[in-house]
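Heads up: the structure comes next, in structure tokens.
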Amino acid sequence: MSTIIAVGGIADALAQVAAALRTPVLVLALLALLACALEAGRFATESWRRARTGRDGLRTLVRRVLVDPAQAGALARRAPSPLAAETLLQIARAILAGDGQSVEHALADYELAVQRRLDRTRILVRAGPALGLMGTLIPLAPGLAALGRGDVATLATDLRTAFAATTIGLLVGTVAFALTLTRTRMYTEDLTALERALASASGPAPTNGQHVAAPHDRGDVTVSAQAPAQAPREAGR
């Protein structure tokens, strides 16, 4: 008898915890949707800049910076992304200072910045569906309890909340996954353009190239590049 009472007490405690999480989970799901919309807007802006620059535009910009570092500020505004623009400025500063090692560090800094940018949407790939699932299951308990009392109106409200949370979670996960895949390809192309342009200007390539691992079907996307004095890193998971 005491065991049954203890189990019932634990179940009640868990139910209270779940009920207390209802509002925070729904708020977090809404914030995830807003974050996803913000990242989609940034991606649209980057895509417009990339289309304006052209496919080989970044490599051309790097070569022009190497020839005339003083014009890096104007050339950086034509870069396909803010990350590439900052890298062009770092390369120009390194050339003006006569520090070849800083040019190599600029590539490493670019790779780290890419990883941080991809982490934003990679988190949403996992967090969106998780919040959607929690937002679906939490309202079901009071909804079923209301059904037992014959309160159909309360049940309908809880089910509407649950279905809305599911929809938002799946939307966030799908959009974030698409953004992560597309950005991975774009940033890898930019890194390759930077490395090849610097290699062609300095003779033998200072790097070992770049590698992009195929994404898994659960949202894991990997970008890695071997920059000078920088071991390849695996992003995600």
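The values are calculated or read from the model by the stated rules, or taken from the named source; none is laboratory data. All figures in this text were calculated on a predicted structure; none of them were measured in a lab. Positions of Cβ are generated from backbone atoms using ideal geometry, with glycine treated the same way; all protein chains shown enter the neighbour counts.
Matching residues to (1) assigned to a loop (DSSP other than H, G, I, E, B); (2) in contact with a Ser or Thr (Cβ under 9 Å, 6 or more places away or on another chain); (3) surrounded by fewer than 15 Cβ atoms within 10 Å (Cβ to Cβ):
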site	(1), (2), (3)
Ser102	no, no, no
Asp109	no, yes, no
Leu112	no, no, yes
Leu124	no, yes, no
Gly128	no, yes, no
Leu131	no, no, no
Ala146	no, yes, no
Subject >> Which numbered condition Thr23 fails, given (1) surrounded by 12 or more Cβ atoms within 10 Å (Cβ to Cβ); (2) over 19 Å from Thr192 (Cα atoms); (3) among the polar types (S, T, N, Q) >> reply: (1)
**OP:** Give me a count of the residues in region 83-113 that are without any contact (Cβ under 8 Å) to a residue 12 or more places away in the chain and either within 20 Å of Met186 (Cβ to Cβ) or under 23 Å from the mean Cα position of the chain (by Cα) (or both).
**Re:** 2
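Is at least one residue of region 158-170 among the hydroxyl-bearing types (Ser, Thr, Tyr) and surrounded by 21 or more Cβ atoms within 10 Å (Cβ to Cβ)?
Initially, region 158-170 is screened for residues among the hydroxyl-bearing types (Ser, Thr, Tyr), giving 161, 166-167.
Filter once more, so that each one left must be surrounded by 21 or more Cβ atoms within 10 Å (Cβ to Cβ): none.
Within region 158-170, none of the residues are among the hydroxyl-bearing types (Ser, Thr, Tyr) and surrounded by 21 or more Cβ atoms within 10 Å (Cβ to Cβ).
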Subject >> region 46-65 residues that are over 17 Å from Thr192 (Cα atoms), paired with ones that are aliphatic (A, V, I, L, M) and outside any helix (DSSP H, G or I) (beta carbon under 9 Å, 6 or more apart) >> reply: Arg49/Ala79
Original post:
Of all residues in region 38-53, which are closer than 12 Å to Arg120 by Cα and surrounded by fewer than 12 Cβ atoms within 10 Å (Cβ to Cβ)?
Top reply: Leu38
**OP:** Go through region 147-189 and give me each residue that's of a type outside the set (Val, Ile, Thr) and closer than 30 Å to Arg59 by Cβ.
**Re:** Ala176, Phe177, Ala178, Leu179, Leu181, Arg183, Arg185, Met186, Tyr187, Glu189
Original post:
Among Ala44, Ala40, Ala19, which is assigned to a helix (DSSP H, G or I) and either over 18 Å from Arg183 (Cα atoms) or of a type in the set (S, T, N, Q) (or both)?
Top reply: Ala19
**OP:** Tally the residues that are in contact with a Leu (Cβ under 8 Å, 6 or more places away or on another chain) and at pLDDT 90 or above, restricting the search to region 1-54.
**Re:** 10
Original post:
Consider Leu159 against the criteria (1) at pLDDT below 50; (2) not in a loop (DSSP other than H, G, I, E, B): it satisfies all of them except one. Which criterion is unmet?
Top reply: (1)
